[in-house]
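**Student:** Starting off with a structure, shown below.
The values are calculated or read from the model by the stated rules, or taken from the named source; none is laboratory data. Because the structure is a prediction, the values reported are computed rather than measured. Backbone-built Cβ (ideal geometry, glycine too); neighbour counts: all protein chains shown. Calculation scope for accessible area: heavy atoms of the full protein, side chains included, ligands and nucleic acids excluded. Shrake-Rupley method; radii C 1.70, N 1.55, O 1.52, S 1.80 Å.
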Amino acid sequence: MPSPANTLFSTPLAAGQGLIRATGAEAEKFLQGQFSNDLRALQVGCGQWSSYNTPKGRIIANFYVQRDREGFWLSLARDLADPVLERLRKFRLMTKVELERGEPQWEILGVAGPGSGALLSSTLGAAMAVEANVGLAGEDWIATRLPWAAGEAYLLIVRAQPAAVLRQSLAAGGAAPADYGAWQELAIRSGVALISLATTEKVIPQELNLEPLGGISFTKGCYPGQEIVARSHYLGRLKNQTYRVQAATPLTVGEEIYTGALPDQGIGLVINAVATASGWEALAVLRAANSADILHAGKADGPPLTILDLPYPLPLDTPKEA
């Protein structure tokens, strides 16, 4: 299909993403003490990026959090949904919070491209937001506009039965059905990476560019890994960040990246990758000091990589004010 940025499309996201549901009187209090972002100001229908980290600051998973009238939704990599759910339950103790998978009772759906907000407005009978991270919640759905600079995009969580009707209505309104790859391509071009089982506990939040993406709060209080995250921010100890790269041959999630200057030492890691009309594109965490070197995937003499632009400035590429 043509570039996702220029095409109105919808796609079920179950091929790559899973859902965790958190409800109960103390759901906000519990999640607030676990995640890197501040849930307290999150209004019904709205969302934000966040991460769940080890005490050493390594990302177990990152996700988009949405709030509806009853609690919170976490949209994360499908192969991490059960491990994250199990870990959250372990730390729940006596807190009044219910944690469960959203599927199969609910479905996760992406709608993107020019006119996607207008189409959703007419289909759902409610005016969609044009501001990033803002949305609406109905009785059987929640729809939030994502902060994606590469194109207009909305993340929906819909009860399973009306979801089938909604998909038909979107198709009738001109949204081309697409596979998960189209959604991945738009995410990669927006610079939004998603940690999966192959990359869990490999990077810290700033290395995934969660700071420029608004996924970290430095005023919210304690959460696992907070000290490491704060130290990287305030003491300037960040050395790696996420870049968008391109290759002519397939790239594999979790694959290391090398440079000829350091043939025996990996200087990066592929986080997400997708086949496109012009080859392969990926988001990869790289050592900023080596980003201008000739880069190779898999080994020092592996397929060459080209760094492409991202739609936002990178912290280590931005000159510090005197």
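**Student:** Calculate, in whole percent, how much of the Cα-Cα pair population of segment 79-176 lies beyond 18 Å. Before the final figure, lay out each step's value.
**Tutor:** Details: 2526 of 4753 pairs.
Of all Cα-Cα distances in segment 79-176, 53 percent exceed 18 Å.
**Student:** Once you list every other residue whose beta carbon is under 12 Å from the beta carbon of N272, what net charge do they have if Lys and Arg are +1 and Asp and Glu are -1?
**Tutor:** Values: positive: R189, R244; negative: E185, E255, E281.
Net local charge, N272 excluded: -1.
**Student:** Ignoring ligands, DNA and RNA, what accessible area per residue does the chain give at 1.4 Å, in Å²? Before the final figure, lay out the partial values.
**Tutor:** Details: 13960 Å² over 322 residues.
Roughly 43 Å² per residue, with all protein chains present.
**Student:** Quickly work out the K202-to-Q161 label distance, labels modelled 7 Å from Cα along the C-beta direction, and quote it in nm with one decimal.
**Tutor:** 4.2
**Student:** So what J values fall out for segment 196-213 if you push phi through Karplus, 6.51 cos²θ - 1.76 cosθ + 1.60 with θ = phi - 60°, rounded to Hz, Gly and Pro as x?
**Tutor:** Each residue's phi maps through the Karplus curve to give 10, 4, 6, 10, 5, 6, 9, 9, 9, x, 5, 5, 8, 6, 5, 5, x, 8 Hz.
**Student:** Within the chain, which complete DSSP H helices have Cα atoms spanning at least 18 Å along the helix axis and a mean Kyte-Doolittle hydropathy of 1.6 or higher? List each step's numbers first, then the result.
**Tutor:** Working: long enough: 78-90 (19 Å, -0.93); 160-172 (19 Å, 0.53).
TM-like helix candidates: nothing returned.
**Student:** Leaving ligands, DNA and RNA out of it, report the carbon-plus-sulfur percent of the accessible area of the chain at a 1.4 Å probe. Please report the intermediate quantities before stating the final value.
**Tutor:** Working: 7340 of 13960 Å².
Ligands and nucleic acids excluded, carbon and sulfur reach 53 percent.
**Student:** Under 17 Å from the Cα of K202, which lysines turn up, not counting those fewer than eight places away in the same chain?
**Tutor:** Candidates past the 8-residue exclusion: K56, K239.
**Student:** Using a Förster distance of 35 angstrom, determine the FRET efficiency expected from the C-beta separation of R69 and T219, and round it to 0.05. Mind dumping the intermediate values first?
**Tutor:** Working: r = 27 Å, r/R0 = 0.76.
According to the calculation, E is roughly 0.85.
**Student:** Viscosity 1.002 mPa s, temperature 20 °C: Stokes-Einstein D of the chain from its Kirkwood Cα radius, in µm² per second? Display every interim value, and only then the final one.
**Tutor:** Numbers: Rh = 20.1 Å.
Taking Rh from Cα pairs, D becomes 107 µm²/s.
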